[in-house]
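Read through the structure below, which is laid out as structure tokens, and then see the notes.
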Amino acid sequence: MTEAISGNCDVLIVGGGPAGSSCAARLRAAGLDVMVMDRRPFPRDKVCAGWITPAVVQTLRLDTEDYRRDRVFQPITGFVTGMEGKRSRVVDYGRVVSYGIRRCEFDHYLLMRSGARLALGTSLESLERRPGRWIVNGALEAKLLIGAGGHFCPVARHLGARPGRSELAVTAQEIEVRLSEGERRACAVRPETPELYFCADMKGYGWCFRKGDWLNVGLGREGGHQLSRHVAAFRARLIADGRIPESVPEEFHGHAYLLYSSARRRLVDDGVMLIGDAAGLAYPQSGEGIRPAIESGILAATTVLGIRDGRYGLRDLEPYAAAIERRFGARAAPRRFTGLSLPPPLRQGLGEWLLGNRWFSRRIVLDRWFLHMHEKALVG
Ligand SMILES: Cc1cc2nc3c(=O)[nH]c(=O)nc-3n(C[C@H](O)[C@H](O)[C@H](O)COP(=O)(O)OP(=O)(O)OC[C@H]3O[C@@H](n4cnc5c(N)ncnc54)[C@H](O)[C@@H]3O)c2cc1C
């Protein structure tokens with residue numbers, strides 16, 4: 001049931017995920033009156049593997065000692081990579097190169113520390129544009145509206161997005177289960193080395209990922225064609241190979257999102273901006289979306305804070321769209337999920353050969369595509 005909201009605020013952010021909370025925190029720190037609305041009460045779960053890179057920790061200025069005190073914060077020092085059903089290899093970095101978090105904990109922590117006023121369990125139901133302000137759900141007035149409601153964000157729809165119709169999305173399914181002590185001892189997947197298995201047609205990949213007592217298994221692919229069949233086959237193979245326990249349920253949870261290279265959503269209009277998945281920003285080869293969500297929230301806040309007269313017209317907000325292009329590149333050249341833009345037979349053969357190559361697995365697949373080591377953290 002949606003809770004009623006009323007009154008007014010400078011900025012209304014729709015969506016309390018990492019994009020919304022990062023943007024809110026920056027705006028609040030500068031003294032703006034910010035409200036974050038989310039249709040779900042928090043803590044809430046989010047379909048996600050929950051893998052983040054050190055750049056995310058740095059950008060968020062996460063107090064890791066405080067965070068890990070009563071939350072899962074799994075250091076990752078390497079990866080197992082391979083193609084489904086073929087030989088895999090271990091790439092060991094000998095140092096921490098990533099972390100595993102649980103989204104129900106991570107998103108809640110960030111939202112609470114943002115300092116914004118919260119309207120949780122409240123869905124965006126109506127939007128009305130009046131000169132210089134928005135009327136939301138018929139009762140709340142906001143000078144600026146920021147859409148951070150994920151792939152199906154209602155603000156993005158207001159700006160013309162048609163999820164599921166004109167956009168090629170990544171669709172993914174995952175499940176996160178708590179392992180018993182016996183299952184933890186028997187599970188072949190090591191907590192510090194998550195496993196990544198690319199699909200034979202290189203249109204996606206599956207993962208199994210341990211974080212503390214939890215095991216997360218999932219698979220994502222370009223487009224939704226036969227996703228459930230791929231997921232069921234992946235789960236069955238992991239069980240048959242003794243990687244995960246038989247007790248991992250068959251019912252996975254699904255979601256969709258856009259890769260930056262294929263998204264074409266309008267990012268700003270008069271009095272409104274889109275950030276995170278609502279804007280379609282996930283990294284093309286890995287599908288990592290938390291880092292771009294957080295960075296876009298901060299870039300949006302930087303643009304807003306540069307506006308001195310409190311009027312948020314299209315012209316005033318356009319620098320945000322330009323900042324996104326500077327950070328993530330021009331959208332002109334579509335690149336594929338998993339990075340191989342080739343006809344299917346070539347993709348498969350080349351994919352198998354490249355993933356068998358130690359240098360390529362480490363320097364390209366992991367260092368560049370998955371860890372984005374060449375891109376410094378956004379700070380400031
Ligand atoms: C299976 C899967 C695995 C993934 N694994 C990873 C990973 O390991 N690492 C990584 O970096 N990325 C991963 N991603 C991508 C990542 O989850 C997203 O890119 C990220 O969550 C985007 O954050 P966001 O804040 O933009 O949106 P979200 O986290 O989706 O938050 C949007 C919020 O908006 C709220 N909302 C929606 N509609 C409304 C409404 N009408 N009114 C009010 N509120 C609303 C929702 O309740 C939600 O809380 C994965 C995605 C999937 C599907």
For segment 253-313: accessible area per residue (Å², 1.4 Å): 28 Å²
Suppose every K and R has +1 on its Cβ and every D and E has -1 on its Cβ; what is the size of the dipole of the chain about the Cα centre, in Debye to the nearest 20? 820 debye
Round to a whole number: what % of the accessible area of the chain belongs to carbon and sulfur, probe 1.4 Å? 50 percent
What percent do you get for the relative contact order of the chain when only Cα pairs under 8 Å and 6+ apart count? 21 percent
Semi-axes of the equivalent ellipsoid of segment 204-319: what are they in whole Å, largest first, if each equals the square root of 5 times a C-alpha gyration tensor eigenvalue? 39, 15, 10
By per-residue mean of other Cβ atoms within 10 Å, what is the highest-first order of 232-244, 13-25? 13-25, 232-244
For segment 1-106, which trypsin sites (Lys or Arg not before Pro) are in a loop by DSSP, counting at most 14 other Cβ atoms within 10 Å? 61, 86, 87, 95
Phi angles of segment 166-173, converted by Karplus (6.51 cos²θ - 1.76 cosθ + 1.60, θ = phi - 60°) into ³J(HN,Hα) in whole Hz with x for Gly and Pro, give 9, 10, 8, 9, 8, 10, 8, 9
Segment residue 129-residue 225, length gained on full extension (0.36 nm per residue, minus Cα span): 30.7 nm
Sparse-neighbourhood loop sites, chymotrypsin sites (Phe, Trp or Tyr not before Pro) in segment 105-184 - DSSP loop, at most 15 other Cβ within 10 angstrom: 152
Suppose each label sits 7 Å from its Cα in the direction of the beta carbon; what would the residue 241-residue 117 distance come out to in nanometres? 5.2 nm
For a quick check: with amide H placed at 1.01 Å from N, whose amide H comes under 5 Å from residue 200's, ignoring anything fewer than 5 positions away on the same chain? 84
As I understand it, the dipole of the chain uses +1 on the Cβ of Lys and Arg and -1 on the Cβ of Asp and Glu, about the Cα centre. Which of 152, 82, 12 lies farthest toward its positive end? 82
For labels at residue 4 and residue 69 in the simple 7 Å Cα→Cβ model, what's the distance in nm? 3.9 nm
Vicinal HN-Hα couplings computed from phi for segment 41-48 (Karplus, 6.51 cos²θ - 1.76 cosθ + 1.60; Hz; Gly/Pro x): x, 9, x, 10, 8, 9, 5, 5
Rg over Rh, two decimals, the chain (C-alpha only, Kirkwood Rh): 0.97
Quick one: Debye curve from the C-alpha atoms of segment 1-120, no solvent, what's log10 I(q)/I(0) at q = 0.14, 0.18, 0.21 Å⁻¹? -0.69, -0.97, -1.18
Let's test this: bin the Cα-Cα distances of segment 78-160 at 5 Å from zero up to the farthest pair and state each bin's percent. 3, 9, 13, 15, 12, 10, 8, 8, 8, 6, 5, 2, 0
Could you work out how much longer the chain between residue 305 and residue 270 gets when fully extended? Use 0.36 nm per residue separation minus the Cα distance between them, nm to one decimal. 11.0 nm
Run down the lysines and flag those whose C-alpha is under 21 Å from the C-alpha of residue 203, throwing out any fewer than 8 positions away in its chain. 86
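The values are calculated or read from the model by the stated rules, or taken from the named source; none is laboratory data. Please read all numbers here as calculations on a predicted model, not as lab measurements. Positions of Cβ are generated from backbone atoms using ideal geometry, with glycine treated the same way; all protein chains shown enter the neighbour counts. Heavy atoms of the whole protein, side chains included, go into the accessibility calculation; ligands, DNA and RNA do not. Shrake-Rupley method; radii C 1.70, N 1.55, O 1.52, S 1.80 Å.
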